[in-house]
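To start, the structure under review is shown below, and the notes come after it.
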Amino acid sequence: MAQSDVEATFRRVRAAARARGAPPLGERLDLLERLERALRAGKSAVADAVAHDFGHRSKHETFLGELVPVVLASRHARAHLADWMAIQPRETNPLFFPSTAQVVLQPLGVVGIIAPWNYPIQLALSPLVCALAAGNRALIKPSELTPRTSEVLAEILSKAIPSDHVAVVPGGADVGEAFSRLAFDHLIFTGSTRVGKLVMRAASENLVPVTLELGGKCPAIVGVEANARTAAERILFGKTFNSGQTCVAPDYALVPAGMKAAFVEACHGAMGSLYPTLAANPDYTAMINDAHYERVQSLVQDAKAKGAQVIPLGAAGELLDPKARKLAPSLLLDVTPNMACMGEEIFGPVLPVVTYERLSEAIAHVNEGARPLALYYFGNSEAAIDRVLAETTSGGVTVNETLLHFLQDDLPIGGVGQSGMGHYHGRDGFEALSKKKAVLRQSAASATGLLKPPYGWAARTLERLLVGK
């Protein structure tokens, strides 16, 4: 799509938003239900398209990672939308009796959504659910790295929602740049920190507020009281789901020094259970493209060259065709800060293991880096859990599991610092994409006129009472 077409599409959707105003509850519920029906009807087309764009993508991971979150989000929004939309009475100061105060939530207008390639359906439609629930219209810019999926996304939306309500804007980086410069009423971007900075800079030209869902190095802390096998299995599940191409995947593990050998052994056992084979396994997903495949491999080679021990996981002796872009999971032991794998987000099935002696060391390690999008703790010590929660800052936390806080629609999703800003999901997303309009209703019988010029005894009495002589 040409830049002029992007601008024309935006103007068309914005004009419709301004002409119609805020849609009532029934219309919003209908849009969400139609979106859900269309998505369910197109599930096979989605699975085929995503598999084509990835080279191979587990059908089950597509259903679990792309479709289930959107269906759950839609159902949650429909169940609670009437409550979210209700006028909120607020307290007024007795000085202004008999006035009343309230907050009215209104749609912002047109929301821009820039979706990434790793979950091209879910990370386009989950923000859309929030936008529609809040009564907005939207433009969606899907990733150019998943072109077939973008076509299916556009087909699904065209069957469910009028094009002047939601439009898909395909195209490459030039279209993405033009998209981010449009005068949206709010812009949601999911992707890398590097690109997030560019998007925020472009949006600032029109003072467009942004929600940035970025990434980072999400730690998994294994407590001294944790079960090594349970921790290994659950960490590796999060690390290998979508082959680690997940923004909230555990990036590295912090393991007690005395548990290191047991944890490594447990990882071997866990991989044997999760993925007995890799090459012909329909459940194991490929890297999105050659460049990403080579980038993750280069992280392993850099670590090895600088002294790390590489521990392959999975079926021994199994040969993987590089053309298939399936990357065998591995552990990296004895890693050091100068290794690239400890400085940048891995976004693949490679797990560095950092050992610690005391929990304070693990917490310090987390706090020395940028604040992560997610943090995981494994163990049953309430004191240790409380300490980690209190002494670290992250976008979200799951205790004794990975990824699952992201699927809770009543929990906000959002980063902090380098991992992003703003929140969405559920009520938090509805409110983020709504204008909270303050409304004060004053009675004609109010005595506040006594506080206006020319100032007299009432003003002087109030000054003495509240400020002093």
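Against the criterion of being in contact with a Lys or Arg (Cβ under 7 Å, 6 or more places away or on another chain), assigned by TED's automatic domain parsing to the domain that holds A232 and within 23 Å of R229 (Cα to Cα), T393 does not qualify.
Annotation note: of L327, L278, L274, L320, the sole residue that is under 27 Å from the mean Cα position of the chain (by Cα) and free of Cβ contacts under 8 Å to residues at least 60 places away in the same chain is L274. Taking the criterion of being free of Cβ contacts under 8 Å to residues at least 40 places away in the same chain and more than 16 Å from S394 (Cβ to Cβ), the residues of the range 340-370 that qualify are G343, R358, S360, E361. Against the numbered list (1) at positive phi; (2) among the hydrophobic types (A, V, I, L, M, F, W, C); (3) crowded, with 22+ Cβ neighbours inside 10 Å, I188 comes up short only at (1).
Determine which member of the set A15, A51, A86 is under 25 Å from the mean Cα position of the chain (by Cα) and modelled with pLDDT of 95 or more. Sole residue among the options that is under 25 Å from the mean Cα position of the chain (by Cα) and modelled with pLDDT of 95 or more: A51.
At pLDDT below 95 and not in a strand (DSSP E or B): which single residue out of E151, E144, E177 fits that description? After applying the criteria, what remains is E177.
Of the residues making up the range 80-99, those that are surrounded by fewer than 14 Cβ atoms within 10 Å (Cβ to Cβ), outside any loop (DSSP other than H, G, I, E, B) and of a type outside the set (K, R) are A82, D83, Q88, P89, P94, L95. Taking the conditions exactly as written (within 26 Å of K59 (Cβ to Cβ), touching a Lys or Arg at 6+ places or on another chain (Cβ under 6 Å) and among the aromatic types (F, W, Y)), does Y275 satisfy them or not? No; evaluated as a whole, the condition is false for this residue.
The values are calculated or read from the model by the stated rules, or taken from the named source; none is laboratory data. What you see is a predicted model; the values in this text were computed from it and never measured. We place every Cβ from the backbone using ideal geometry, glycine too, and count neighbours over all the protein chains shown.
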